[in-house]
1. Quick one: if the Förster radius is 25 Å, what FRET efficiency do Glu158 and Ser48 give, using the C-beta to C-beta distance and rounding to 0.05?
2. Quick one: Phe194, Phe36, fewest Cβ neighbours within 10 Å first, how do they rank?
3. If each residue's Cβ is checked for other Cβ atoms within 10 Å, how do His19, His90 rank with the fewest at the top?
4. Could you name the lysines whose alpha carbon sits less than 26 Å from that of Lys162, not counting residues in the same chain fewer than 8 places away?
5. For the pair Glu35/Asp112, report the inter-label distance in nm, with labels modelled 7 Å from Cα in the Cβ direction.
6. Once you sort the root eigenvalues of the Cα gyration tensor of region 2-73 as a ≥ b ≥ c, which label holds: rounded (a/c under 1.5), prolate (a/b larger than b/c) or oblate (the other case)?
7. Cut-off 15 Å, label point 7 angstrom out along Cα-to-Cβ of Asn242: give me the residues of region 159-188 whose amide nitrogen falls inside.
8. Please give, to one decimal in nm, the separation of the simple spin-label points placed at Asn168 and Lys224, each 7 Å out from Cα toward the Cβ.
Amino acid sequence: MSANTQSMIFTIYGDYIRHYGSKIWIGSLIKLLKEFGHNEQAVRVAVSRMVKQGWLLSERKGTKSFYSLTTRGMARMDEAGDRIFKFEDHEWDGKWRMLLYKIPEDQRQIRDELRKELLWSGFGSFSASCWISPNPLEERVQALITKYDINEYVDFFEAVYKSEDNLNLVEKSWQLAEIEQKYEAFVAQYSRSFIAHQAAIKQNVLNDADCFVVRTNLVHEYRKFLFIDPGLPKELLPTNWNGREAKLLFSQYYRLLAEPASRFFEAVFEEDNDLASKESGYDAHSHPLIVEE
């Protein structure tokens, strides 16, 4: 249960706590996670692990323990939020960013971590140790080189593809058909429940706690696409890319549940936390940030 608990805690930090000062009392967090069937021990174990991993900081105030996002945690949520809540297709500048590395075997752990980070950022690979992206990720790449201190093992290029059509390069580097299948499954599942919850809200039979659970689960499921969808520009996507339909459904569903879900969170949060730390100008309809574990 702990791994699932940790993943859900990330979602709640990104979708709610990030907008209320990024800090919460452990008791409030336990109460929120109870709505999803996670017990107190699982929450405490997961939070302790997140502290060790560098995502959270612990702070004692009297007899109470509070947990806040680290700089690293907030930076990752900012990056993820920019991607997951970007509903417009972006245009391509026609250039490819290419990263090649040759990291020694005795630094294999760093090499494996780098691969995870590159996949997370949307890079694809059509050959060993050669990663590409059509997106302007220069700052992201430089941050990774600095983080892992691998400048001597890395070469980074900005290039134009001349061998074939650019769509052929996309086909070699990403499994778009598999991603489309997952989007199709998401749309099939959540379009039905969206219609049902629209009716339930109109009939006033869906309470705030229910909306909190449904919205959080929605975000939790949709954010998984961050790990598989590279966020390609429209010029490199299939004409009928069903990721667009999934994004529209997610956006509409999210807004449907936004106000009652936020009311429930605030009702729990305000008991033992400082609501004055709520970010200025935050709106329940705004686009929150998502984090990855």
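1. Values: r = 43 Å, r/R0 = 1.71.
After rounding to 0.05, the efficiency reads 0.05.
2. On the way: Phe194 19, Phe36 16.
Placing the least packed residue first, the sequence is Phe36, Phe194.
3. Numbers: His19 20, His90 14.
By the 10 Å Cβ count, ascending, the order reads His90, His19.
4. Reachable lysines: Lys95, Lys102, Lys172, Lys234.
5. Between Glu35 and Asp112, the label points sit 3.6 nm apart.
6. On the way: a/c = 1.30, a/b = 1.17, b/c = 1.11.
Judged from the Cα gyration tensor, region 2-73 comes out rounded (a/c under 1.5).
7. 176-188
8. Here the answer is 3.5 nm between the modelled labels.
Bear in mind these aren't lab numbers, they're just calculated from the coordinates by the rules spelled out. Given the structure is predicted, the values throughout are model-derived calculations rather than measurements. Note: ideal-geometry Cβ built from the backbone for every residue, glycine included; neighbour counts use all protein chains shown.
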